[in-house]
Amino acid sequence: MLFLPEQRKAHLLSRIAQYGELTTKSQFGGVSLMIDDVMFAITSDNQFYLKGSGFLETLYKATKMSSYTYLKKGIPIILRYYHITDSLWKNQQKLDQYIDMSYHYSIQEYLGQRKKPCRIKDLPNLGVILEKRLNQIGINQVEELRLIGAKACYLKLMHRHNLRNSELLLSLAGAIVGCHRSVLPSQLKMELLDWYNELSFQ
């Protein structure tokens, strides 16, 4: 059962029905929403979060949508799922557009992952040494890297291995989106570098 008020749940189920049969399961401290085994949203504590696949992550961050965080063995894990605010619920046209985009980009990401390597070392920009370092901070699978995101991975590596450089951050982001760090989308690259510079002054 979805953790949402009845009116919002009804609207959501009506919108999703056009894609196919919805399945759910308990995951990440909430309930994951899937169509044909493709997960594109999470509900938890009466709140709804959409997956930030591809450029959507940048879009959702730009609109100040907060990330979903859950505790794993007492450690907060930030996922690439973004909170639908009350103002978005009131703007049903925009909400439906966001739901459509999250679903379709999640499908594209899913199909792309099926063709991609299973080992972290085989992703763009990464290798055996960085794979081992990621393993040491609890990131052992490609999907874990994608779920946690470049920033959280960078922070973990920085604290564990004292690694501090922007190229590492961009390399992680490139690995997640499937490209070399030199050809990252300019908006995403700028946002990451701004975050890195702010972090450096703390």
Probe 1.4 Å, all protein chains present, accessible-area order of CYS179, CYS153, largest first: CYS179, CYS153
Heavy-atom accessible area of VAL128, protein chains in place, probe 1.4 angstrom, given in Å² to nearest 10, is 80 Å²
So, with points 7 Å from each Cα along the Cβ direction, the LEU59-ARG160 label distance in nm works out to 3.3 nm
Could you tell me which of the pairs LYS132/LYS189; LYS94/LYS121; LYS9/LYS132 are separated by over 31 angstrom between their Cα atoms in the structure shown? LYS94/LYS121; LYS9/LYS132
Taking Cα atoms only, helix 186-200 is inclined relative to the longest principal axis of the chain by an angle, in degrees rounded to 10, of 60 degrees
Expressed in nm to one decimal, what extension gain is obtained for the pair ASN140 and ALA10 from 0.36 nm per residue of sequence separation less their Cα-Cα distance? 43.0 nm
I'd like the distance between the alpha-carbon centres of segment 1-50 and segment 147-202, rounded to an integer number of Å. 30 Å
Which whole-Hz ³J(HN,Hα) couplings does segment 72-82 yield from phi under the Karplus relation 6.51 cos²θ - 1.76 cosθ + 1.60, θ = phi - 60°, glycine and proline marked x? 10, 6, x, 9, x, 10, 9, 9, 8, 10, 10
To test your reading of the geometry: what angle, between 0 and 90 degrees and rounded to tens, separates the Cα axis of helix 166-177 from the longest principal axis of the chain? 40 degrees
Between MET190 and LYS73, with labels modelled 7 Å along Cα→Cβ, what's the label distance in nm to one decimal, could you check? 4.0 nm
Simple spin-label estimate for ASP122/ASP36, 7 Å along Cα→Cβ, in nm, reads 2.4 nm
On the full set of protein chains, 1.4 Å probe, figure out the accessible area of HIS83 and give it in Å² to the nearest 10. 40 Å²
For the chain, the accessible surface attributable to carbon and sulfur atoms (probe 1.4 angstrom, ligands and nucleic acids excluded) amounts in percent to 51 percent
Going from most exposed to least, what order do LEU193, LEU145 have by accessible area with a 1.4 Å probe? LEU193, LEU145
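The values are calculated or read from the model by the stated rules, or taken from the named source; none is laboratory data. Keep in mind that this is a model prediction, so the values were computed, not measured. Quick reminder, even Gly has a Cβ in these numbers, built from the backbone with ideal geometry, and neighbours come from all protein chains shown. What goes into the accessible areas is simple: the full protein's heavy atoms, side chains included, and nothing from ligands, DNA or RNA. Shrake-Rupley method; radii C 1.70, N 1.55, O 1.52, S 1.80 Å.
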